[in-house]
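The values are calculated or read from the model by the stated rules, or taken from the named source; none is laboratory data. This one's a predicted model, so the numbers in the text were calculated from it and none came from an experiment. Here Cβ is always computed from backbone atoms with ideal geometry, including for glycine, and neighbour counts include all displayed protein chains. Heads up: the accessible areas ignore ligands, DNA and RNA and are worked out on the full protein's heavy atoms, side chains in. Shrake-Rupley method; radii C 1.70, N 1.55, O 1.52, S 1.80 Å.
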Amino acid sequence: MEFVTNSTPRYECLVFDLDDTLYPLSSGLSEACANNIIEFMVQKLGVEEDRVVELNQLLYRTYGTSMAGLKAIGYEFDNDEYHSYVHGRLPYENLKPDPVLRNLLLSLPFRKLVFSNGDDVHVMRALKRLGHLPENPVICKPAKIAFEKAFEIAQLNPHKALFFDDSIRNIQTGKVMGLRTVLVGKSEKVDGSDYALESIHNMKKALPELWSESNSNNNKKSERMSYLAQISIATSVEA
């Protein structure tokens, strides 16, 4: 017989935002991205310069991203062209390999996902620099449907996942959707956050249970495999 334990791991997955979460705000990418969005709105969409900043801020607050907002209020443009203009000219050279974070993540056996509003090219370029590795409606965080789609695509149980993001709105929606939440870039928790990390590098200090749980699970797995190996010696298999 197998030994059965009633203790189940609290988490099966760690879900990370990318921008200003896995790399710091001080990299300058977010500022450059905002400037590129404003320039795109003026140069490509003909938005008046004297109202572009205010409009961009309103769209971001209302729709989660400027792109989603522009689509919602009737602007038509190619999604790939937008991402190429906004993300394709970012100063990725400002992102340096982050061996501290890499080692932290590699030391945890949990499944790890990146949940970003950026396009896949931007996400992959940024992760590579860090050393990690259609006409459909635009959906993005903090909309609940974006989380639902992410859960569906990743086959993710939100009640078994820990979500890291620098956006308070994203954190609050994530909490409503059943995730345990970690607000990155702040030293104090806010409504909707279970934890707060001033830096992603503080993971181990703030969340020691991740490492203690993973070590415990590895030990149990080793004991179980050892037991199964013993009984398999006396088991014959016909194929």
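Can you find, among Asn103, Leu18, Gly74, the residue sitting farthest towards the positive end of the charge dipole of the stretch 1-149, where Lys and Arg contribute +1 and Asp and Glu -1 at Cβ? Looking along the dipole axis, the top candidate is Asn103. Specify whether the C-alpha gyration tensor of the stretch 58-178 places it in the rounded, prolate or oblate class, a ≥ b ≥ c being the square roots of the eigenvalues: rounded for a/c under 1.5, otherwise prolate if a/b is larger than b/c and oblate if not. Because a/c hits 1.5 or more and a/b fails to exceed b/c, the stretch 58-178 counts as oblate. Backbone geometry of the stretch 96-105 corresponds, through the Karplus equation with coefficients 6.51, -1.76 and 1.60 at θ = phi - 60°, to 3J(HN,Hα) couplings of 10, x, 10, x, 5, 5, 4, 5, 4, 5 Hz, x marking Gly and Pro.
Near Thr181, the amide H atoms lying under 5 Å from its own belong to Phe163, Asp194, Tyr195; only residues 5 or more places off or on other chains count, and H is placed 1.01 Å from N.
In this structure, the pairs whose alpha-carbon distance is over 26 Å, taken from Lys96/Lys149; Lys96/Lys189; Lys160/Lys204; Lys44/Lys186, are Lys96/Lys149; Lys96/Lys189; Lys44/Lys186. Across the accessible surface of the stretch 163-205, with the other protein chains kept in place and a 1.4 Å probe, carbon and sulfur atoms take up 44 percent. Our coupling estimate for the stretch 148-165, obtained by passing each phi through the Karplus curve with A = 6.51, B = -1.76, C = 1.60 and θ = phi - 60°, is 4, 5, 4, 4, 5, 5, 8, 6, 10, 8, x, 6, 10, 10, 10, 10, 10, 7 Hz, Gly and Pro reported as x. Please give the FRET efficiency for Glu54 paired with Phe77, using the beta carbon to beta carbon distance and R0 = 22 Å, rounded to the nearest 0.05. Rounded to the nearest 0.05, the efficiency is 0.65. Just check the stretch 93-135 against the gyration tensor rule for me: Cα atoms, a ≥ b ≥ c as the square roots of the eigenvalues, rounded for a/c under 1.5, and otherwise prolate or oblate depending on whether a/b exceeds b/c. It is oblate, given that a/c is not under 1.5 and a/b is not larger than b/c. Here the dipole of the stretch 1-150 is about 640 debye; that uses its Cα centre as origin and unit charges on the Cβ of Lys and Arg (positive) and Asp and Glu (negative). Put a dot 7 Å past the Cα of Thr62, heading toward its Cβ, do the same for Leu45, and the two dots end up 1.1 nm apart.
Average accessible surface for the stretch 44-157: 60 Å² per residue, computed with a 1.4 Å probe over protein heavy atoms with every protein chain in place.
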